[in-house]
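In what follows, a single structure is set out as structure tokens and then discussed.
The values are calculated or read from the model by the stated rules, or taken from the named source; none is laboratory data. Because the structure is predicted, anything quoted here is derived from the model rather than measured. Glycine gets a Cβ as well: all are built from the backbone with ideal geometry, and neighbour counts include every protein chain shown. Accessible surface areas use protein heavy atoms only, side chains included; no ligands, DNA or RNA. Shrake-Rupley method; radii C 1.70, N 1.55, O 1.52, S 1.80 Å.
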Amino acid sequence: MSYTINAEIRTEVGKGSSRRLRHADMVPAVIYGPGKEPISIKFLHKDIINIQENKDFYDGLTIAVDGKEIKVVPKAMQRHAFRHLIEHVDFIFA
């Protein structure tokens with residue numbers, strides 16, 4: 001099964017802007033890999049919370065950013081200590 005997440009480019013980075021995103025039910029994330037510039041993105045929490053429970057999610061997915069589709073693989077995911085929330089995701093280019 002293939003998953004697609006619609007995302008936007010993040011213009012503000014840092015602890016404060018990430019907190020504001022989380023309070024707005026958004027997830028800050030970054031896409032990086034060798035030979036390419038890192039891309040800071042944000043997307044809705046509801047877009048990832050259910051699909052990340054499937055094994056297929058970790059095999060790869062597509063992120064749609066500004067009309068461009070990017071194939072990625074989840075590398076690291078930070079979760080809240082006791083709530084069912086995802087706080088940050090690192091993706092690598094596939």
TODO: Determine if segment 10-17 includes at least one residue that is open to solvent by 90 Å² or more (accessible area, probe 1.4 Å) and polar (S, T, N, Q).
DONE: yes
Task: Members of segment 48-94 found to be within 26 Å of Gly35 (Cα to Cα), among the charged types (D, E, K, R) and surrounded by 15 or more Cβ atoms within 10 Å (Cβ to Cβ), listed by number - done: Asp90
Task: Qualifying residues in segment 30-47 (those that are open to solvent by 40 Å² or more (accessible area, probe 1.4 Å) and more than 11 Å from the chain's Cα centre (by Cα)) - the one nearest to Arg19 (Cα to Cα) - done: Lys46
